[in-house]
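J.: Next up is a structure, given as structure tokens.
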Amino acid sequence: MTRAIRNARPLGGHDPIDLLIDDGIIVGIVPAATAPAAFDDIDLEGRFIMPGLWDEHVHLTQWAQHRRRIDLSAAESAAEAVAIVRSAIARGEARDAVVVGVGFRDGLWPDAPAAALLDTVASDRPIVLVSADVHCVWLNSAALVHFAVEPSAGADGDGVLREDAAFAITARLDSAPDAELDTWVAEAAAEAAARGVVGVVDLEMRWNRDDWLRRVASGFDALRVEFGVYPQHLDRAIDLGMRSGQHLAGTVSVGPLKVITDGSLNTRTAYCCDPYPDAPAEAYGRLNVPPCDLHPLLARGIEAGFEPAVHAIGDGANRLALDVFAKLGRGGRIEHAQLVHDGDFARFAALGVTASVQPEHAVDDRDVAERYWPGRTRRAFALRSFLDAGARIVLGSDAPVAPLDPWIAIAAATSRTRDGRPAFHPEQCLTVVEALAASTRSLVALGEPADLVALDVDPLTASADELRTMPVALTMLGGTVTHAAPALGAVVAAR
């Protein structure tokens with residue numbers, strides 16, 4: 001379909017333009033009101049135009065489910081979390097056989113989660129609470145029995161499982177029928193498009209290929225999707241001839257090989273060079289995949305055509321991952337890169353390793369970082385340090401850890417604050433131009449895909465609060481409208 005986008009204003013106060021689109025590609029850029037009259041058109045009436053946004057790190061299935069589970073994010077203690085669960089059950093909000101709550105952050109709680117506390121809500125009905133970082137689950141006694149959890153699985157005790165033991169439980173919570181789950185994913189994708197998102201890197205910890213083939217066959221076309229492969233599925237993927245960048249179907253392609261080498265800050269399992277204050281048994285965190293295993297795993301994936309994406313949060317895990325990339329003699333991605341030694345920022349650049357970062361985590365976790373990474377927070381969530389060292393960064397949300405909304409990430413990256421608090425290490429702020437560049441993959445230029453967003457406000461002049469709530473008037477994927485605000489809806493619907 002050939003189309004003209006009329007009266008679009010480039011960011012930064014430039015004169016309005018018309019864009020000509022053919023077969024999903026921008027084929028013409030001319031001054032406003034000069035596009036040929038024969039083209040099908042949408043008049044943006046002076047709204048601002050920019051490339052569509054990417055969220056470079058999401059767990060889309062978990063995000064779709066997360067929004068239908070009990071929200072524990074407001075709990076400031078284990079007792080408050082229990083009270084929220086009790087109230088939700090009383091209101092009839094937990095209809096499934098297993099009660100699931102999400103989003104608790106226990107790093108600063110004055111009391112500890114324990115199975116006995118949840119037993120006061122229900123002793124005969126399984127309850128599973130998933131932490132905000134998804135690296136920890138808290139179960140009541142009935143859930144421990146329901147999921148046949150061995151006593152040794154909860155290394156730090158009563159009803160609390162971390163890392164692989166926690167992942168095993170969350171994987172078993174994905175019990176919704178495929179059709180229902182696909183409906184939820186489609187709704188989440190539509191909401192993402194309404195925020196200007198045109199693509200995501202889906203790092204769901206499951207065999208994603210069949211899910212996405214099924215969704216495309218059912219008509220999914222709201223986003224470009226690159227889905228990851230995990231080590232437990234690598235042999236299967238290789239046997240099928242899969243490789244990063246390979247088109248699967250529709251708007252879906254194969255993404256990276258994702259390897260989780262350490263834990264997380266909130267769960268106190270991120271692998272660090274310094275011990276955690278009042279540390280548990282694993283004083284330095286947990287190294288899930290040591291270098292002696294990581295090197296051959298990545299080498300095999302690379303040989304098969306997979307881009308490596310290594311989860312590393314602590315400074316110890318980041319240093320070890322960089323060491324492996326150096327031995328491999330090639331780049332890739334490190335996901336999160338939350339705490340990095342001063343000397344290692346330049347290694348990202350030298351090795352060609354992209355830092356895939358989630359700026360909202362700095363705002364969410366600033367107090368936890370001060371508590372558990374004392375004296376080191378100047379190099380935590382250090383976005384400016386990456387750019388100053390010449391490294392490439394890309395922005396994401398890690399949804400459901402933070403909302404799937406790149407404007408929230410952009411606001412956090414450029415302000416390092418929320419809710420009126422002083423900025424957290426403001427020297428690490430990005431400019432809006434830098435944050436937008438790290439959130440997009442294309443340009444408004446000839447020959448580029450017509451993955452476009454029209455805005456009511458110019459982000460280059462917007463405040464942090466305006467960025468967080470940026471009004472998106474129109475989103476286009478390959479020239480096809482995936483979202484239109486009511487002000488443009490009637491115009492678009494007629495096309």
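J.: Read through the list (1) more than 24 Å from the chain's Cα centre (by Cα); (2) within 25 Å of Arg379 (Cβ to Cβ), then give the number of the only condition that Ser264 fails.
T.: Going through (1) more than 24 Å from the chain's Cα centre (by Cα); (2) within 25 Å of Arg379 (Cβ to Cβ) one by one, Ser264 breaks only (1).
J.: A further question on this structure: Tell me, which residue of region 55-69 that is open to solvent by less than 60 Å² (accessible area, probe 1.4 Å) and over 12 Å from the mean Cα position of the chain (by Cα) is nearest to Val201 (Cα to Cα)?
T.: Step by step, filter region 55-69, then rank; the result is Ala64.
J.: Testing Pro277 on (1) over 17 Å from Arg162 (Cα atoms); (2) at pLDDT 95 or above, one condition comes back false. Which one is that?
T.: All conditions are met except number (2).
J.: Quick one: how many residues across region 70-106 are buried (at least 19 other Cβ atoms within 10 Å of the Cβ) and under 25 Å from Thr269 (Cα atoms)?
T.: Qualifying residue count for the region: 13.
J.: When you scan region 386-405, how many residues do you find that are surrounded by fewer than 22 Cβ atoms within 10 Å (Cβ to Cβ) and among the charged types (D, E, K, R)?
T.: The qualifying residues number 2.
J.: Here's a follow-up. Yes or no: region 271-284 includes at least one residue that is of a type in the set (Gly, Ala, Ser) and assigned to a helix (DSSP H, G or I).
T.: Looking through region 271-284, none of the residues is of a type in the set (Gly, Ala, Ser) and assigned to a helix (DSSP H, G or I).
J.: Step by step: first the residues of region 283-326, then only those that are over 30 Å from Thr377 (Cβ atoms) and acidic (Asp, Glu), then the one that is surrounded by the fewest Cβ atoms within 10 Å (Cβ to Cβ). Which residue is that?
T.: Filtering region 283-326 for residues that are over 30 Å from Thr377 (Cβ atoms) and acidic (Asp, Glu), the one surrounded by the fewest Cβ atoms within 10 Å (Cβ to Cβ) comes out as Glu303.
J.: Need a quick list: strands (runs of 3 or more DSSP E) entirely within region 1-44 having at least 2 residues that are out of contact with any helix residue (DSSP H, G or I) (no Cβ under 7 Å at 6 or more places or on another chain) and without any contact (Cβ under 8 Å) to a residue 24 or more places away in the chain.
T.: 17-22, 25-31
J.: Considering only residues that are within 20 Å of Leu477 (Cα to Cα) and either open to solvent by less than 60 Å² (accessible area, probe 1.4 Å) or assigned to a helix (DSSP H, G or I) (or both), which ones fall in region 204-222?
T.: Correct list: Trp212, Leu213, Arg215, Val216, Ala217, Gly219, Phe220, Ala222.
J.: What helices (runs of 4 or more DSSP H) completely inside region 72-173 contain at least 3 residues that are among the β-branched types (Val, Ile, Thr)?
T.: Fully inside region 72-173 and qualifying: 78-90.
J.: To continue, here is another question. In region 223-252, what residues are open to solvent by 60 Å² or more (accessible area, probe 1.4 Å) and part of a loop (DSSP other than H, G, I, E, B)?
T.: Leu240, Arg243, Gly245
J.: Among all residue pairs at least 6 apart or on different chains, which show Cβ distances below 7 Å where the first residue, located in region 91-105, is touching a residue at least 40 places away in the same chain (Cβ under 8 Å) and of a type in the set (Lys, Arg) and the second is surrounded by 10 or more Cβ atoms within 10 Å (Cβ to Cβ) and part of a loop (DSSP other than H, G, I, E, B)?
T.: Arg105/Ala132; Arg105/Asn266
J.: Also: Identify, by number, the condition in (1) within 20 Å of Leu161 (Cα to Cα); (2) loosely packed, with under 15 Cβ neighbours inside 10 Å that Ala270 doesn't meet.
T.: That leaves (2) as the condition not met.
J.: Here is a list: Ala165, Ala176, Ala116. Which entry is hydrophobic (A, V, I, L, M, F, W, C) and either free of Cβ contacts under 8 Å to residues at least 40 places away in the same chain or in contact with a strand residue (DSSP E or B) (Cβ under 9 Å, 6 or more places away or on another chain) (or both)?
T.: Answer to the selection: Ala165.
J.: Could you check region 318-424 for helices (runs of 4 or more DSSP H) lying wholly inside it with 3 or more residues that are of a type in the set (A, V, I, L, M, F, W, C)?
T.: 345-351, 383-388, 406-415
J.: Being within 30 Å of Gly478 (Cα to Cα) and either open to solvent by less than 30 Å² (accessible area, probe 1.4 Å) or part of a helix (DSSP H, G or I) (or both) is the requirement here; does Leu265 meet it?
T.: no
For (1) of a type outside the set (Lys, Arg); (2) at pLDDT 95 or above, each residue gets a yes or a no:
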residue	(1), (2)
Ala78	yes, yes
Ile84	yes, yes
Gly92	yes, no
Arg105	no, yes
Asp111	yes, yes
Ser131	yes, yes
Ser152	yes, no
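J.: Give the number of residues within region 450-469 that are surrounded by fewer than 21 Cβ atoms within 10 Å (Cβ to Cβ) and either under 15 Å from Ala8 (Cβ atoms) or not acidic (Asp, Glu) (or both).
T.: 10
J.: So in region 418-437, with the set limited to residues that are farther than 30 Å from Pro31 by Cβ and crowded, with 22+ Cβ neighbours inside 10 Å, which one is nearest to the chain's Cα centre (by Cα)?
T.: Residue satisfying both the conditions and the ranking: Leu430.
Results for (1) of a type in the set (Asp, Glu); (2) touching a residue at least 60 places away in the same chain (Cβ under 8 Å); (3) under 25 Å from Leu213 (Cβ atoms), shown as yes or no for each residue.
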position	(1), (2), (3)
Arg236	no, no, yes
Pro256	no, yes, yes
Ser264	no, yes, no
Pro290	no, no, no
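The values are calculated or read from the model by the stated rules, or taken from the named source; none is laboratory data. The structure presented is a predicted model; accordingly, all values stated were derived computationally and were not measured. Here the Cβ is made from the backbone with ideal geometry for all residues, glycine too, and neighbour counts use every protein chain on show. These accessible areas exclude ligands, DNA and RNA; they are computed on the full protein's heavy atoms, side chains included. Shrake-Rupley method; radii C 1.70, N 1.55, O 1.52, S 1.80 Å.
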